[in-house]
Amino acid sequence: MDSALDAWIEERLLADGIKDEKYPDLLLRLVRQIEQQGLKTIGIAGSQGSGKSTLARCLADLLTQARGLRAEVLSLDDFYQPRAAREEMAKQRHPLFLVRGVPGTHDVVWMREVISRLLQGHSADVPVFDKGRDDRVGSRTLPAGVDLVILEGWCFGARPEPEERLALPINALEAEQDDAGVWRRTVNLNLAGQGYQALFDVDFLVFLQAPEFESIHRWRVEQEQRFNQGPQAMDPDQIDAFMQHYQRITQWMIEDLPSTANLVVALNRDHGIDDAKLR
């Protein structure tokens, strides 16, 4: 890689407060993959607080500003179903579907349409979701001329769990609110469906692998403190209750995704990069 690219990365990471010595090499490896393989879609998977959004933004800016390639970032979080739709799911399927985030609460049809339009050289409308209101608040238009689409999300690339793993509750939330397993089995069926698996069929998948779920909880608490949301902020107990909705798939991904991801970035308990291995 050239010195101009190295200088850009150093300046950008300094601005973002990223001090991990292995982070520049991670970005350089991704740039090499994109340029050598002519990638059009990259997925970035990682738990809450793992840094997937930061990596997606850094990579997109690097490609656009230092390489002249226009990269657009799409997040699963942008494509949450409206609250009214989730309220209907809560009535028809299970009350836990009111909480956004698990497979079944995203508009994967719209997201796949956006990807298709962008890669065909067209503009595309994407929804705008306000997490404070827990609802959509309109849409915005992405202009035509995209070279690469970067997709990021906490469950991106996840495969359905084997049925036998669903038998017993994994935490207090499942034991108290889903003892019969209706919600978790429906979530698993949604994940196995054509919509999600087709969405996850990208040219290259990066997995930011946390060491264990306890570290993820701590990272999420730190994230909440860093991005203070005022009266909407959650305390550690509220964060724990919230994260139990995602614990099952998160722990399954830690076990399973290294066998399918193209690049596995192993994170340590301090949120630094231990290793990055190409499969």
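Laboratory data are not the source of any read-out in this text; all were calculated from the coordinates shown. Bear in mind the structure is a predicted one, so any value in this text is a computation, not a measurement. Cβ placement follows ideal geometry from the backbone for every residue including glycine, while neighbour counts extend to all protein chains displayed.
Here are some notes:
- Taking the inverse of the mean 1/r over every pair of distinct Cα atoms in segment 3-278 gives a Kirkwood hydrodynamic radius of 19.6 Å.
- Taking the DSSP beta bridges with both ends in the chain, the antiparallel portion is around 40 percent.
- Residue-count net charge about Leu96 - beta-carbon cut-off 13 Å; Lys, Arg +1, Asp, Glu -1: +2
- Taking every DSSP bridge with both residues inside segment 51-194, close to 60 percent are antiparallel.
- If you take the Cα centroid of segment 13-35 and the Cα centroid of segment 92-131, the two points sit 29 Å apart.
- When the Gaussian network model of the chain links Cα atoms closer than 10 Å, the mean-square fluctuations of Met253, Met111, Met89 top out at Met89.
- Cross-link partners of Lys22 among lysines (Cα-Cα below 24 Å; sequence separation of 8 or more within a chain): Lys52, Lys277
- Relative contact order, whole percent, for segment 3-278 stands at 23, derived from Cα pairs under 8 Å and 6 or more residues apart.
- Burial order of peptide ranges 266-272, 22-28 (average beta-carbon count within 10 Å, highest first): 22-28, 266-272
- Between the amide H of Leu151 and those of Ile42, Gly43, Ile44, Leu74, distances stay under 5 Å, these residues lying 5 or more places away or on another chain, with hydrogens modeled in the peptide plane.
- Gain upon complete extension [Ile18, Ala167; 0.36 nm per residue less C-alpha separation]: 49.5 nm
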